[in-house]
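Here is the structure we will look at.
The values are calculated or read from the model by the stated rules, or taken from the named source; none is laboratory data. Fair warning: this is a prediction, and the values are worked out from it, not measured in the lab. Cβ coordinates were reconstructed from backbone atoms using ideal geometry, including for glycine residues, and neighbour counts include every protein chain displayed. Side chains included, ligands, DNA and RNA excluded: accessible areas come from the protein's heavy atoms. Shrake-Rupley method; radii C 1.70, N 1.55, O 1.52, S 1.80 Å.
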Amino acid sequence: HDAATARGDAALAAAAGAAARRWHVDDVAYPAWLEPSATDFLSPALVAAELMTRVLEPDDFAGWFARFLPDPAPLEQPALALDRSDPQFVHLDGLNLSRAWCWRRIAAHLPAGDPRRERFADAAQRHAHASLAHASGGDYVGEHWLPTFAVVWLSGAPGSLATP
């Protein structure tokens with residue numbers, strides 16, 4: 001969807017949007033307590049929601065998100081990477097950074113006045129703060145890929161509520 005939009009390919013953007021709606025618009029009650037798994041570096045729930053910010057208008061998105069993730073609290077606190085030299089644990093730094101950019105985009109796409117905007121923007125900042133410093137200067141197992149996630153966070157998001 002992003003590539004099609006950037007290229008001005010309206011037909012491909014429409015097809016990607018239609019697929020996103022077909023795959024996710026009827027999703028309800030995502031079990032957030034399942035995250036994270038031992039190796040997640042993307043949140044299945046939040047990347048789906050971030051995609052839906054691109055294809056639903058803010059009012060429609062707000063209702064969809066409330067149905068999709070009625071209890072977002074388990075995803076609002078950063079995961080703890082206990083051993084950053086472990087190739088599996090370091091995934092949790094990536095998870096935090098990807099959650100940060102997703103929470104920021106989700107917060108920005110909610111309608112003005114929605115009380116969740118500030119709460120989710122705060123969650124974005126907490127996630128970034130938990131892992132941004134570990135994107136460089138650490139062990140190779142994280143340092144060879146975490147900077148790409150940090151760049152996405154640092155580059156901001158359209159409609160962002162907060163600067164990194």
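For this structure, a couple of remarks:
- Candidates in segment 72-87 are the residues that are touching a residue at least 40 places away in the same chain (Cβ under 8 Å) and over 22 Å from residue 31 (Cβ atoms); of these, the one that is surrounded by the fewest Cβ atoms within 10 Å (Cβ to Cβ) is 85.
- Every pair of residues 6+ apart whose Cβ atoms lie under 9 Å, when the first sits in segment 6-20 and is farther than 17 Å from residue 53 by Cβ while the second is surrounded by 11 or more Cβ atoms within 10 Å (Cβ to Cβ) and among the β-branched types (Val, Ile, Thr): 12/5
- Residues of segment 12-49 that are modelled with pLDDT of 95 or more and among the charged types (D, E, K, R): 21, 22, 26, 27.
- Of 95, 56, 34, all but one fail to be over 21 Å from residue 135 (Cβ atoms) and surrounded by 18 or more Cβ atoms within 10 Å (Cβ to Cβ); the exception is 56.
- Looking only at segment 1-17, residues that are farther than 24 Å from residue 100 by Cβ and either in a loop (DSSP other than H, G, I, E, B) or open to solvent by 40 Å² or more (accessible area, probe 1.4 Å) (or both) come to 8 in all.
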